[in-house]
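*Asks:* Let me begin by handing over the structure; questions about it come next.
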Amino acid sequence: MTSTLRTAATTTTSSSDARAEGPSLHAYDVGLLILRLVLGLTVAAHGAQKLFGWFGGGGLEGFGQFFTMSGYPSGETMALIAGLSEVLGGLGLVFGLLTPLAGAAVLGTMINALAVKWGGGFFAPTGVEYELLLSAGAAGLALTGPGRFAVDRFLPGLRAHRLGYGVAALVLAAVIAALVLLIRN
């Protein structure tokens, strides 16, 4: 009996020592929340520029002309699709709702933005650093999941994020972005 108590006490002590030395799950969750909020709100604001002309944006007409000049057919339709992808994807990231798909929506849009701006160097204002950073953040969130402070935690299929969900979403983003780029002149 005494050896059983000693073994249980040793197991409890070593288990709590490992938790004290290991990473805090709450720290990861807070970090993912901050990343989701900043990335999601930034992308959603860019979508609002396209859809509604908010924040100094050109609205569908202005961005439609940009898409037409960039070689896309039906410029206003493409501006609508990009704007919706950014707003819905960005808000999905903010709330941690369907996070792999939200990340994929942002990534697909950013792949097209990278293609349009490619060749202007790395650094802003003509380079791709901004779009590359948004792409990496969206892909990272699609792969890691939203953390515990997210709506996905209340959805039965997404409660426990799986790497496969993120990989499938990123493949979907790459395929759709490639198809859109194929129709670009």
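*Asks:* Based on this model, can you work out whether Leu182 counts as farther than 20 Å from Leu91 by Cα, open to solvent by 50 Å² or more (accessible area, probe 1.4 Å) and hydrophobic (A, V, I, L, M, F, W, C)?
*Replies:* On the way: farther than 20 Å from Leu91 by Cα: yes; open to solvent by 50 Å² or more (accessible area, probe 1.4 Å): yes; hydrophobic (A, V, I, L, M, F, W, C): yes.
Yes.
*Asks:* Let me ask something additional. So which residues in region 110-137 are in contact (Cβ under 8 Å) with a residue 40 or more places away in the chain and closer than 22 Å to Leu41 by Cα, if there are any at all? Let's see the steps before the verdict.
*Replies:* Quick first cut of region 110-137, residues in contact (Cβ under 8 Å) with a residue 40 or more places away in the chain only: 111-112, 115-116, 134, 137.
Once the filter is applied, which keeps residues that are in contact (Cβ under 8 Å) with a residue 40 or more places away in the chain and closer than 22 Å to Leu41 by Cα, region 110-137 yields Ile111, Asn112, Leu134, Gly137.
This table checks each residue for (1) modelled with pLDDT under 95; (2) open to solvent by 40 Å² or more (accessible area, probe 1.4 Å); (3) more than 22 Å from Val175 (Cβ to Cβ); (4) not in a helix (DSSP H, G or I).
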| residue | (1), (2), (3), (4) |
| --- | --- |
| Leu93 | no, no, no, no |
| Ile111 | no, yes, no, no |
| Gly119 | yes, yes, yes, yes |
| Phe123 | yes, yes, yes, yes |
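*Asks:* Of the conditions (1) open to solvent by less than 50 Å² (accessible area, probe 1.4 Å); (2) free of Cβ contacts under 8 Å to residues at least 60 places away in the same chain; (3) under 17 Å from Ala142 (Cβ atoms), Thr99 fails just one. Which one is it?
*Replies:* For Thr99, the exception is condition (2).
The values are calculated or read from the model by the stated rules, or taken from the named source; none is laboratory data. Since we're looking at a predicted model, the values are computed, not measured. Backbone-built Cβ (ideal geometry, glycine too); neighbour counts: all protein chains shown. With ligands, DNA and RNA removed, areas are computed over all heavy atoms of the protein, side chains included. Shrake-Rupley method; radii C 1.70, N 1.55, O 1.52, S 1.80 Å.
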